[in-house]
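Data first, discussion second: the structure below is written as structure tokens.
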Amino acid sequence: MIWTNEYNLPGPYAQWIMDDQYDHNPDPNHYSATELVQPVRMTILTRRHRDEIVKDVSKCIKMAMGTACHKGIERASSFEPSWDEDVNSEYGEIEIRHSAKFGDITVSGQVDWYSPADRLVTDWKFTSVWAVMNQVKEEWNRQLNIYAHLLRANDRPVDQLQVGATCTDWRKGEKLQYGDKYPPIMYMPKPIELWWPSTTNDFISAVLYKMKPLHNVPDDELPVCTAQERWLRGEEWAAKKKANKRASKVFKASEGETGADAWDYIKGQDKPDAWDVEYRPGSNVRCEDYCDVCEFCSFYKENIDDR
């Protein structure tokens, strides 16, 4: 990783952000849970170009806050509880890494908190309040279920999964505005569906099967991330008369619609030759704002970088 400090953040503050103690394992026969829930192209490009990635400290403040939270909880768990007896004081296992074998490949994951008493897995996240209020992110589902699989492989039964979300943009005024739909405090547990063990095993095996033959494939030939993996937002096809500025009907990718639907709509109109479809590309949010290896990605360079 090559760090920059574009906004001249104070030295100690910048160093706090750059203090990455995560154990990156480059072994091609070892993958972390995080790597398995990311798009395949992102995982492989990150492994290949880790030492070339350029990142500004200003873009990692929120990540550093999350890391500090994890470290603080781990440190505090070594103390004796200082509260009343009626408060839950059962710590369980904090920040323990577990692993399991899939043929000749090892999959591992560091579980934030496992409560044996409740058979509960919790993953701490610093996130938006809207991420908690809206539908659960698919990558959260996958990550927590991989953790459950690793725990079961190490004789730790699991009955429940949750994200322990610290909502960084929580506002008291919005609580008054949205009522019961809004988290009552800045922290909110978000239950995650527990998959059948066979479902999780099949998911992990499928990702590893897809990943294994790609080690020697050139960067540009790696599987392109899907629209869902790119967090594509706002892609639309507008069916409109050529003589009009405004569209008669807009078809949205977010609603499962495609350009073919727009053309089918035009075929049903009088004088379809007088109509056209205007493509509105939308925004690949992950590529533009959350991908560390976009500069090594052919899709990004061909479709996004020059916009």
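Every read-out reported here was derived from the displayed coordinates using simple, explicitly stated rules and does not represent laboratory data. Computed from a predicted structure; not experimentally measured. Don't worry about glycine lacking a Cβ; one is built from the backbone with ideal geometry, like all the others, and counts go over all protein chains shown.
List Ile105, Ile192, Ile2 from most exposed to least, where exposure is judged by having the fewest other Cβ atoms within 10 Å.
Numbers: Ile105 18, Ile192 23, Ile2 8.
Lowest to highest Cβ neighbour count: Ile2, Ile105, Ile192.
Counting C-alpha atoms alone, how compact is segment 2-218: give Rg to one decimal and Dmax as a whole number, in angstrom.
Values for segment 2-218 (Cα only, Rg and Dmax): 19.0, 59 Å.
Between Ala260 and Ala117, what is the spin-label point distance in nm, taking each point 7 Å from the Cα along the Cα→C-beta axis?
The answer from the label model is 5.5 nm.
Rank these for me by crowding, Asp169, Asp118, going from fewest to most other beta carbons within 10 Å.
Asp169, Asp118
Here are some pairs, Lys55/Lys172; Lys212/Lys301; Lys137/Lys175; which of them have Cα atoms lying more than 28 Å apart in this structure?
Lys55/Lys172
Using Cα positions and a limit of under 19 Å, work out the aspartates and glutamates in reach of Lys71, with same-chain residues fewer than 8 apart set aside.
Asp19, Asp20, Asp23, Glu80, Glu90, Glu93, Glu95, Asp112, Asp123
Per residue and in cubic angstrom, what volume does the convex hull of the Cα atoms of segment 93-184 have?
Cα-based convex hull of segment 93-184, divided per residue, equals 106 Å³.
In the chain, what % of DSSP beta bridges are antiparallel (nearest 5)?
70
Starting from the Cα gyration tensor of segment 132-229, take the square roots of the eigenvalues, sort them a ≥ b ≥ c, and report rounded, prolate or oblate (rounded when a/c is under 1.5, otherwise prolate if a/b is larger than b/c, else oblate). Intermediate values should be presented prior to the final figure.
Values: a/c = 3.40, a/b = 1.61, b/c = 2.12.
Because a/c hits 1.5 or more and a/b fails to exceed b/c, segment 132-229 counts as oblate.
Test of understanding: ordering His149, His70 by Cβ neighbours within 10 Å, fewest first, what list do you get?
Numbers: His149 24, His70 18.
Starting with the residue having the fewest Cβ neighbours, the order is His70, His149.
Please give the Cα centre distance for segment 1-70 versus segment 241-264, rounded to the nearest Å.
Using only Cα atoms, the two centres lie 40 Å from each other.
Taking a Cβ-Cβ separation under 4.7 Å as the criterion for a possible partner, which cysteines of the chain have none?
Cys60, Cys69, Cys167, Cys225, Cys287, Cys297 - these cysteines have no disulfide-compatible partner (Cβ-Cβ under 4.7 Å) in the chain.
For the chain, what does -39500 (n - 2.57) per DSSP helix run (n ≥ 4), summed and divided by total residues, give at 222 nm, in deg cm²/dmol to the nearest 500?
So the calculated ellipticity at 222 nm is -9000 deg cm²/dmol.
Assuming R0 = 35 Å, what is the FRET efficiency of Ser205 and Ile53, from their Cβ-Cβ distance, to the nearest 0.05?
So, using R0 = 35 Å, E works out to roughly 0.75.
With no solvent and one point on each alpha carbon, what is the Debye value of log10 I(q)/I(0) for segment 176-252 at q = 0.12, 0.15, 0.21, 0.23 Å⁻¹?
Results for segment 176-252 at q = 0.12, 0.15, 0.21, 0.23 Å⁻¹ read -0.84, -0.94, -1.03, -1.10.
In whole percent, what relative contact order does the chain give with Cα contacts below 8 Å and a gap of six or more residues?
15
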